[in-house]
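Data block below; observations after.
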There are 2 protein chains.
Amino acid sequence: MEIKVLKDILGANDQMARNNQQLLDKHNVFAVNLMASPGAGKTSLVLETIKALQGKVRVGVIEGDISSTFDSELIAGQGVPVVQINTGGECHLDASMICNALDNLPLADIDLLLVENVGNLVCPAEFNLGEHCKVVVASVPEGDDKPIKYPAMFLIANAVVLNKTDLLPYVKFDSDRFREAVRGVNRKLDIFEVSCTTGDGIDRWVSWLLSQMGRK
Amino acid sequence: MEIKVLKDILGANDQMARNNQQLLDKHNVFAVNLMASPGAGKTSLVLETIKALQGKVRVGVIEGDISSTFDSELIAGQGVPVVQINTGGECHLDASMICNALDNLPLADIDLLLVENVGNLVCPAEFNLGEHCKVVVASVPEGDDKPIKYPAMFLIANAVVLNKTDLLPYVKFDSDRFREAVRGVNRKLDIFEVSCTTGDGIDRWVSWLLSQMGRK
């Protein structure tokens with residue numbers, strides 16, 4: 001009985017995700033779902049991406065958090081349209097939340113929509129939002145074993161951004177072991193090593209993002 | 001309708017959690033539920049706690065992971081009884097999983113049971129396991145705003161361990177701001193700053209743990 005209810009919820013979510021994607025496509029907006037553990041640096045990556053694309057691509061942002069508006073205030077400070085979703089306790093964004101958020105964004109003035117999911121390496125993997133691309137943000141201090149411990153997220157993603165490479169000298173983290181762990185779950189994943197603190201590697205990540213947008 | 005199903009599940013979980021606690025009390029076992037984001041250092045804290053209590057307190061461990069047995073192998077290497085729970089996708093431990101694990105632990109030979117939950121700063125907060133004490137492990141690289149963004153976890157906890165203080169020189173993290181954020185959610189929380197890499201602060205954390213066991 002519980003399983004049936006869950007199936008209905010997921011079915012309804014997928015239907016709404018398809019509607020979201022149709023709306024995005026109508027406005028030529030390419031949407032990316034950014035997922036990560038709390039504190040991996042999703043907001044920092046959003047900020048660095050906005051800076052790198054300034055004058056080239058018009059970015060819009062949806063910020064997902066259980067509570068607070070810190071992150072959307074940071075983003076708004078960059079002069080970018082942003083909608084904050086406070087889930088109030090829900091551990092992930094879903095397609096209906098995105099549907100409401102899209103109503104509040106100037107889609108005609110946006111080329112790239114960055115959706116920052118709730119910080120959680122498990123639950124967001126199960127909910128399509130209507131995005132064109134799913135990206136996992138991992139970070140060096142979390143350790144190189146995360147793809148093995150949280151495989152679902154890496155299985156459904158199109159790319160991994162490994163953030164905080166500036167901390168590599170100070171923590172135990174084997175980049176080869178991390179890459180091997182990622183490949184063990186999903187051979188097709190592109191991996192980008194970046195530091196949002198120093199800016200290292202952001203150019204490669206942004207080039208990839210632009211190529212994905214071209215291929216849409 | 002869905003809400004009713006959820007209520008039933010939580011009710012059943014609480015009942016089973018009470019049964020678990022009765023079994024633990026019968027054997028004079030004090031149980032701690034350790035919760036954190038992925039990679040905050042729960043396993044490292046378990047290992048440091050085992051070392052600090054060697055010859056004083058007999059420790060047992062339940063390791064919760066979606067998949068893999070890495071952590072339980074590390075723990076078993078310390079000569080401590082350990083049971084690995086692989087949730088297979090579930091984003092948190094629940095009382096029935098703990099009930100099964102307790103059946104496989106030598107409770108008569110254990111004084112302190114450390115339960116490492118699935119790495120997730122949201123969902124584990126909702127499920128009692130039968131523990132006597134809930135502890136959140138936060139870590140410096142995650143940032144000082146986590147109590148504000150994930151308040152439920154800090155609201156239900158008895159203590160916070162702030163791990164990875166050895167990284168304070170290399171990241172933006174304001175300890176006063178963190179403490180203020182914790183107090184804003186829950187005034188009664190004890191906060192312990194530790195580094196499982198250098199061993200700093202472990203003594204204070206372990207003293208507190210021993211005092212809690214005495215007060216049980």
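Quick check on this structure: which one of A:VAL80, A:VAL61, A:VAL29 is buried (at least 17 other Cβ atoms within 10 Å of the Cβ), touching a helix residue (DSSP H, G or I) at 6+ places or on another chain (Cβ under 6 Å) and more than 21 Å from A:PHE127 (Cα to Cα)?
Going through A:VAL80, A:VAL61, A:VAL29 in turn, just one is buried (at least 17 other Cβ atoms within 10 Å of the Cβ), touching a helix residue (DSSP H, G or I) at 6+ places or on another chain (Cβ under 6 Å) and more than 21 Å from A:PHE127 (Cα to Cα): A:VAL80.
Quick one: in segment B:172-216, which of the residues that are touching a His at 6+ places or on another chain (Cβ under 9 Å) and not polar (S, T, N, Q) is modelled with the lowest pLDDT?
Checked segment B:172-216; the qualifying residue modelled with the lowest pLDDT is B:LYS216.
Which ones in segment B:85-118 are within 14 Å of another protein chain (Cβ to nearest Cβ) and buried (at least 21 other Cβ atoms within 10 Å of the Cβ)?
Passing the criteria: B:ILE85, B:CYS91, B:HIS92, B:LEU93, B:ASP94, B:GLU116, B:ASN117, B:VAL118.
Of the numbered conditions (1) in a helix (DSSP H, G or I); (2) in contact (Cβ under 8 Å) with a residue 60 or more places away in the chain; (3) within 12 Å of another protein chain (Cβ to nearest Cβ); (4) touching a strand residue (DSSP E or B) at 6+ places or on another chain (Cβ under 6 Å), A:ALA40 satisfies every one except a single condition; which is it?
Answer for A:ALA40: the failing condition is (1).
Can you tell me which residue in segment B:90-106 is nearest to A:CYS91 (Cα to Cα), limited to those that are aliphatic (A, V, I, L, M) and not in a helix (DSSP H, G or I)?
Going through the qualifying residues, I end up with B:LEU93.
Looking at the structure I just gave you, is A:ASN28 modelled with pLDDT of 95 or more and either charged (D, E, K, R) or part of a helix (DSSP H, G or I) (or both)?
Spelling it out, it is not the case that A:ASN28 is modelled with pLDDT of 95 or more and either charged (D, E, K, R) or part of a helix (DSSP H, G or I) (or both).
Of all residues in segment A:150-170, how many are at the interface with another protein chain (Cβ under 9 Å from one of its Cβ atoms) and buried (at least 24 other Cβ atoms within 10 Å of the Cβ)?
2
Name the residues in segment B:171-212 that are away from every other protein chain (no Cβ under 14 Å), basic (Lys, Arg) and within 15 Å of B:VAL140 (Cβ to Cβ), would you?
B:ARG179
I want to confirm something. Restricting to segment B:65-91 and keeping residues that are of a type in the set (Gly, Ala, Ser) and within 16 Å of A:ILE148 (Cα to Cα), which single residue is nearest to the chain's Cα centre (by Cα)?
Per the criteria, the residue is B:SER72.
Kindly indicate the residue of segment A:126-149 that is among the aliphatic types (A, V, I, L, M) and over 18 Å from A:LYS188 (Cα atoms) and also surrounded by the fewest Cβ atoms within 10 Å (Cβ to Cβ) among those meeting that condition.
Applying the filter and picking the extreme gives A:VAL140.
The values are calculated or read from the model by the stated rules, or taken from the named source; none is laboratory data. All values reported here derive from a predicted model rather than from experimental measurement. Reconstructed Cβ throughout: ideal geometry from the backbone, glycine too, with neighbour counts over all protein chains shown.
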